[in-house]
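Following: one structure in structure tokens, then a few remarks.
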Amino acid sequence: MTQRRYYRQIVIRYIAIPAQEESADNEIDYVYQCLGLGDERDDVGRHVFRTLVKASTRGEGISSRDLMQLSEVSQAAVIYHLNMFQRSGLVIKDGRNYYLRGHTLEATLEEMENDMNRRFENLKAIARRIEAR
């Protein structure tokens, strides 16, 4: 059986930082929007992301079936968003459960930052080779 290969795509959007008095859900939504995962109209994606972040704070993963029941949408819609989160490097799947890649939101963001830094170092090395010719 061949394993599916995901090409990571990371988008960073600049959005005004919410006030510190905002709720945890609003701050999670802010991170969701900044990472280019969706906008304020994407209720399913936001809900799935919030649930994953909250599960990670408890040190737990969550299954697509549990996500479907919590969000009251089709399993296909939940799987669509989970696949998108995997492609962006946010989420990993272990058995039946999905987890944030770094097991906390901060660690996940740090890993994504390290991924981007490695890619930019590779691009700069190629640029140096091109310019040396």
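What follows draws every value from the coordinates through simple rules; no lab data is involved. All figures in this text were calculated on a predicted structure; none of them were measured in a lab. So basically every Cβ, Gly included, is an ideal-geometry build from the backbone, and we count neighbours across all protein chains shown.
Starting with the fewest neighbours, write out 93, 124 ranked by other beta-carbon atoms found within 10 Å of each beta-carbon.
Going from least to most buried by this count: 124, 93.
Which residues does the label zone of residue 79 cover in the stretch 40-70, counting backbone N under 16 Å from a point 7 Å along Cα→Cβ?
So the set is 63-69.
Starting from 0.36 nm per residue, how many nanometres of slack lie between residue 133 and residue 66 once their C-alpha separation is accounted for?
Going from the current span to full extension adds 18.5 nm.
Give the long-range amide H neighbours of residue 91: residues separated by 5 or more places, or on another chain, with amide H under 5 Å away, using H modelled in the peptide plane at 1.01 Å from N.
So residue 91 has HN proximity to 86, 101.
What value, in deg cm²/dmol to 500, does the helix sum -39500 (n - 2.57) over DSSP H runs of n ≥ 4 give at 222 nm once divided by the residues of the chain?
When only DSSP H runs of four or more count, the value is -18500 deg cm²/dmol.
Near residue 40, within a Cβ-to-Cβ distance under 15 Å, what is the net charge of the other residues, with Lys and Arg +1 and Asp and Glu -1?
-3
Can you sort 25, 42 by how many other beta carbons sit within 10 Å, fewest first?
Final ranking by Cβ density, sparse to dense: 25, 42.
To the nearest 0.05, what FRET efficiency results for residue 19 and residue 121 with a Förster distance of 35 Å applied to their C-beta separation?
So, using R0 = 35 Å, E works out to roughly 0.45.
Mind putting a number on the dipole of the chain about its Cα centre? Charges go on the C-beta only, +1 for Lys and Arg and -1 for Asp and Glu, and I need it in Debye to the nearest 20.
Dipole size: approximately 1020 debye.
Starting with the fewest neighbours, write out 116, 68 ranked by other beta-carbon atoms found within 10 Å of each beta-carbon.
Exposure proxy ranking, most exposed first: 116, 68.
Find the relative contact order for the stretch 24-132 and round it to a whole percent, using C-alpha pairs within less than 8 Å whose residues are 6+ positions apart.
In percent, rounded to a whole number, it is 21.
Bin width 10 Å, alpha-carbon pairs only: give the P(r) of the chain as whole percents, running from 0 to the bin holding the largest distance.
For the chain, the binned pair fractions read 11, 39, 31, 12, 5, 1 percent.
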